[in-house]
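Shown next, in structure tokens, is the structure this report addresses.
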Amino acid sequence: MKKYTDSGKKDTRSGFGAGLTELGKTNDQVVALCADLTGSLKMDDFKANHPERFFQVGIAEANMMGIAAGMTIGGKIPFTGTFANFSTGRVYDQIRQSIAYSHKNVKICASHAGLTLGEDGATHQILEDIGLMKMLPGMTVINTCDYNQTKAATIAIAKHKGPVYLRFGRPKVANFTPEDQSFEIGKAVHLQEGTDVTLIATGHLVWEALQAAETLQKQGISADVLNIHTIKPLDNKAILSSVSKTGCVVTAEEHNYLGGLGESVSRVLAENTPSPQEFIATQDTFGESGTPEQLMEKYGLNAEAIVKAALKVIARK
């Protein structure tokens with residue numbers, strides 16, 4: 001069984017900031033827009049080094065999306081930055097009409113997603129954003145798992161033609177993917193070979209899935225682990241290849257089970273090879289205030305919950 005090592009906990013939003021800094025040096029068409037959250041989105045370095053390419057729009061997220069759409073007409077590659085709740089729910093009409101409908105080359109970069117926003121509570125903890133964004137025709141949806149992957153994804157999406165939703169978070173989490181990785185949109189990362197159960201995870205739950213796989217190994221259970229960083233377009237081939245070996249699957253995400261990664265995987269299985277599936281996700285509920293650790297435990301979004309789901313789904317085969 002392959003072992004993964006945490007090289008030192010880092011927040012994924014800092015990975016975004018590092019990627020944007022790199023793009024500032026290498027791609028003069030990249031511009032950045034922020035809705036009064038420059039520090040929170042780690043956009044300070046880009047702002048300091050490229051003030052002519054940074055636009056502070058204030059607390060006017062809808063206007064930011066309209067400006068970004070307009071900038072693409074002149075060939076610019078705009079990266080918008082604010083919290084996930086304000087990047088989607090507050091501006092859905094503008095994204096749908098001004099960006100997605102005309103396939104504008106806007107990169108919607110969303111921090112502080114999910115429950116791990118923590119103490120700010122339910123009004124800020126959006127748990128339906130993946131569903132909102134994946135239903136928009138032509139929208140690419142990416143949810144990265146650690147600092148290194150977020151940096152690589154930020155750089156990669158600048159080369160992609162079309163709208164992208166890039167989702168990342170606030171807390172410091174395990175940083176375990178390669179620093180020099182090549183990020184391929186729509187291509188799952190096969191982290192662990194296994195034969196008894198498939199664990200498919202995205203975002204912060206990828207590390208938890210790896211921890212769950214270790215626990216299951218000690219119980220004599222072999223888990224196949226996939227990191228699905230791109231929820232749309234989904235890597236159907238990787239999912240089907242894994243489930244053809246194991247015959248059952250657990251999906252894990254920091255999102256509502258309605259509309260998220262789990263439902264996308266269910267569709268693939270239903271169309272090709274119906275298989276038992278268990279969902280690790282929030283159960284059609286809003287969040288609440290608490291530390292990220294407290295909330296992930298209360299809502300069952302951790303390695304322990306994944307292990308229990310794996311045992312349950314194996315019994316259903």
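Any read-out appearing in this document is the output of simple, stated calculations on the displayed coordinates, not a laboratory observation. The structure displayed is predicted, hence computed values, not measured ones. Counting neighbours? That spans all protein chains shown, and the Cβs are built from the backbone with ideal geometry, glycine included.
Remarks
- Pairwise label distance in nanometres, THR291 with ASN272, each label 7 Å out on the Cα-Cβ vector: 4.1
- Here segment 10-173 is treated with +1 on each Lys and Arg Cβ and -1 on each Asp and Glu Cβ, and its dipole about the Cα centre works out to around 460 debye.
- Dipole size of segment 12-107 about its Cα centre, with +1 on Lys/Arg Cβ and -1 on Asp/Glu Cβ: approximately 180 debye, rounded to the nearest 20.
- Ranking ALA315, ALA303, ALA18 by how far each Cα lies toward the positive end of the dipole of the chain (charges on Cβ) leaves ALA18 at the top.
- Chymotrypsin sites (Phe, Trp or Tyr not before Pro) within segment 56-132: DSSP coil, no more than 15 neighbouring Cβ in 10 Å: TYR101
- Of PRO78, GLN294, SER7, farthest towards positive along the dipole that unit charges on Lys, Arg, Asp, Glu beta carbons give the chain: PRO78
- Under-5 Å amide H pairs with LEU258, H placed in peptide plane, nonlocal only: ASP284
- Taking other C-beta atoms within 10 Å as the exposure proxy, MET65, MET296 rank MET296, MET65 from fewest upward.
- Cα-based shape type of segment 71-178, given that a ≥ b ≥ c are square roots of the gyration tensor eigenvalues and the cut on a/c is 1.5: oblate
- Placing a pseudo-label 7 Å from each Cα along the Cα-to-Cβ vector at ASN49 and SER7 gives an inter-label distance of 1.8 nm.
- Exposure proxy ranking, count of Cβ atoms within 10 Å, fewest first, for ARG316, ARG167: ARG316, ARG167
- Residues whose amide H falls under 5 Å from that of GLN192, counting only those 5 or more places apart or on a different chain, are VAL225, with hydrogens built in the peptide plane.
- Taken over segment 189-315, the alpha-carbon convex hull comes to 95 cubic angstrom per residue.
- Relative contact order of the chain, defined on C-alpha pairs under 8 angstrom at six or more residues apart (%): 18
- Tilt relative to the chain, helix 261-272 - C-alpha long axis, 0 to 90 degrees, to 10: 60
- Whichever lysines have a C-alpha closer than 18 Å to that of LYS317, once near sequence neighbours (fewer than 8 apart) are set aside: LYS245, LYS308
- Taking segment 50-69 and a reference point 7 angstrom along Cα→Cβ of ASP28, the backbone N atoms nearer than 15 Å belong to 50-54.
- Eligible lysines near LYS9 by straight Cα distance, threshold 19 Å, same-chain separation 8 or greater: LYS42, LYS151, LYS172
- Relative packing of peptides 133-140, 32-39 - highest average C-beta neighbours within 10 Å first: 32-39, 133-140
- For LYS161, a cut-off of 16 angstrom between C-alpha atoms picks up these lysines, skipping any fewer than 8 places away in its own chain: LYS76, LYS104, LYS107, LYS232.
- Each Lys and Arg adds +1 at its Cβ and each Asp and Glu adds -1 at its Cβ; summed about the Cα centre, the chain shows a dipole of about 680 debye.
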